Each structure stands twice: as C-alpha cells, then as structure tokens.
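Note sheet for the following structure.
Just so you know, all these numbers are worked out from the coordinates, no wet-lab data involved. Predicted model, so just to flag it, every value in this text is computed and none were measured. Cβ sites come from the backbone with ideal geometry, for glycine too, and all protein chains shown count toward neighbours.
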Amino acid sequence: MANLLASGVAPILRPRRTNCNGKLAAGRISPYTKPMTIRLPALIALLGALAAPATAQEARFDIRLAGATLGQIAVGRAGDSATLTTVMDNTPLGVGDGRFDATFTNGAYRSLSVSSDESRRIDIDFAGDRVANVAIVPPSEATDASVPAAVPAGVLDPARGFARVALAPDCVGAFRIYDGRRVVTVSLGARRLGAESIDCIYDYRVTGGPGHLSPFRFRKVSMVARYAVTNGTQGPLQDIALGAGPFTVRLIRR
C-alpha cells in the first residue's frame, strides 16, 4: 500500500541522478535524462494486519503496468511473522530493476531495497502497539515521520500490512501502515458483491510524512482489491489495482 501504499502501499517513480553527460551524479537531477525508477514497494507497500492463523499462508502476484509485466511480489505469513519480497526485473531499459525484501518477526521489522545505483535499509522495532525505534541507512532518507514520537499507536509494517489484504478472503477494516518514512491510513469505502467476485474499494491516504512520487508527492491513492467467489466460498484475492495520477499498477495473482 512501502511503499506508495509503498513501501511499502504503493509505484513510486524517482528521477535518476545524472550529470550533464547523462552519467550518475550525487545530489543532482538532470532535466535531460530519460530514466525514471519505478519503486513499487513504496506504493505497495501500503496495506495493515489481519489476525493470522498458526499455519503458513503465501501468495504471489505479477506486477503489471500498461499491459507489461514488470516483476513479481511474494507475500507470506505464519503466526505473527510476515515476509514481503518484490523483484523488478523487466522495467523499460532496466532503469527500474531492483529488489525489495522485508520481514517482520518477534516485534522487529527489517527491510532492504536495492537498485542498480542505490540501496536503502529501514529497521523498525516495536514495543507492543507502539514504534520504539527507527533506523534508516542512509540517514538522508529519513523524514519528519522517522522518529517514534511522530508515529501513532497501532500502526503495522509493510510486510504485515500487505499480508492483511493479500491473504484475506474478503474486504478488511481500517488500518494504518508505517514504513519508517510515512504513515498511511487505509479505510474501506465500499464493498460490492457480484456473482463471481467481491470488489473492495479502499480510501488510501498518507497522513504523516511525505506523499508518494517526487516531485508530485501524491497523498491519495486509489485502491481496489478483487476477491473470487466460488460456489459461495469467498477468496482468494485475485488482483489489486493501485492508481496515482496517470499511473495504474495492477497486481495479478499467479
């Protein structure tokens, strides 16, 4: 829902830093270079926690944009633990290729995002329903929401957050997700029951920290999750559509 959503809820498109010759350069963004890095974990990242069963659950999804498959997402949950992995391996010209790995276990969230030109690590430690500590490397990626005092009680990390929606059989109630840089609130706006599916229409809003997709900084993302209905049995999740500005990303169950 990461993080545009996603890590992360929400895609996050970030201009690559180059010098006037088109080469990477720290601290500068050239208006003449074409690549935009697609960072879905941050958009995706965005999604809360559902009471988990003792047995393990998992699901895999293709990431599609404008009909093209850009990568895959895998989510898993067992007891109170959760994992989330995003692999982008088919972006245009490879400019958005990279990997995001996140885990939550024993009150500790650990994530690592790696692309061809940069990496970011975020560690969040929880004490009950409160955030106790946040560590971000490099420190320049921290925001005003990267301190525990700025985070409301009851937030969930991106791994448990995405699992809440992806592994549920039906719409879920309101929840908040925290990726170390922003707080997102997701609430159910409408539930539409059809003969073969349930559509869950969510209101997704960034309520703390920066919005998604610099320089636009989107603070609201459209989100529709569709669950199958077979012989009266609800679930599993079939796809999620995430939209911000001109971008609509679909997560299609494999």
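Once label points are set 7 Å from the Cα along Cα→Cβ at both Leu193 and Val114, what is their separation, rounded to one decimal in nm?
For Leu193 paired with Val114, the spin-label model returns 4.7 nm.
Among Arg130, Arg253, what is the fewest-to-most ranking by other Cβ atoms within 10 Å? Kindly include the intermediate steps, with their values, before the conclusion.
Numbers: Arg130 12, Arg253 15.
Least crowded to most crowded, the residues run Arg130, Arg253.
Among Thr103, Thr230, Thr69, rank each residue by its count of other Cβ atoms within 10 Å, from fewest to most, as a rough exposure measure.
Working: Thr103 17, Thr230 10, Thr69 13.
If I rank by nearby Cβ atoms, fewest first, I get Thr230, Thr69, Thr103.
With Cβ to Cβ distances under 12 Å as the rule, what net charge do the other residues near Asp62 carry (K, R +1; D, E -1)?
Details: positive: Arg60, Arg64, Arg250, Arg253, Arg254; negative: Asp89, Asp239.
Net local charge, Asp62 excluded: +3.
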